[in-house]
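What follows is calculated from the coordinates using simple rules that are stated; it is not laboratory data. A quick note: this is a predicted structure, and the numbers were derived from the prediction, not measured. Every residue, glycine as well, gets a Cβ built from its backbone with ideal geometry; the counts of neighbours run over all protein chains shown.
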Amino acid sequence: MRIAASITLTSEQRSKLEAYERGRSVARRLVERARIVLFAAEGKQNDEIAELLDIGRHTVARWRERFLDLGVAGLEKDASRAGRTRTVDAQEIVRKTTQEKPPNATHWSTRSMARAVGVSEASIGAYGSHMD
């Protein structure tokens, strides 16, 4: 059986994690991450923590490692996920909408704007709902 890296907390880290654990308005996932690290600091192994919290052992290992690498800040924010970067230029869409007219029309439709800026109609619709 592999032994997980040990965690030693400073008094400041411990008090912050305990505050997260007790917090009523703290996100559930942050409470869970705080508990993982607090249990790890007590010397518990990943399998034991996973069983106590009824979560996967890989989840425990991920947050233990994240804490060791980044401290409490590593628990507070999720890591960025892979995916396509945003290609829609919202400012360009707003500028075109407010300062230009489409050829042979009085106003922009979702379809004509999508063609003009080279994005999908769904992208225009998504940005349109944020422009209210």
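A DSSP coil position with no more than 15 other Cβ atoms inside 10 Å describes the following trypsin sites (Lys or Arg not before Pro) in segment 1-104: Arg2, Arg24, Lys77, Arg81, Arg84, Arg86. Using R0 = 41 Å, the C-beta based FRET efficiency linking Leu70 and Ala90 works out to 0.85. Taking 30 Å as the straight-line reach from the Cα of Lys16, the lysines in range (excluding those fewer than 8 positions away in the same chain) are Lys44, Lys77.
If R0 equals 30 Å, the separation of the Cβ atoms of Arg28 and Arg2 corresponds to a calculated FRET efficiency of about 0.60. Between Gln99 and Ser15, the simple spin-label model (points 7 angstrom out along Cα→Cβ) gives 5.3 nm. The phi-based Karplus calculation (6.51 cos²θ - 1.76 cosθ + 1.60; θ = phi - 60°) puts the 3J(HN,Hα) values of segment 13-18 at 4, 4, 5, 5, 5, 5 Hz, whole numbers, x for Gly and Pro. Estimated from helical segments only, the mean residue ellipticity of the chain at 222 nm is -18000 deg cm²/dmol, where each DSSP H run of four or more residues counts as -39500 (n - 2.57).
Under a Cβ-Cβ cut-off of 13 Å, what is the net charge of the residues other than Ala105 that fall near it, where Lys and Arg count +1 and Asp and Glu count -1? For residues surrounding Ala105, the net value is +3. Extension gain, Arg62-Ser109: 0.36 nm per intervening residue step, less the Cα-Cα distance, totals 12.3 nm. Could you work out the relative contact order of segment 14-125, using alpha carbon pairs under 8 angstrom and six or more residues apart, expressed as a whole percent? With pairs under 8 Å counted, the relative contact order is 14 percent.
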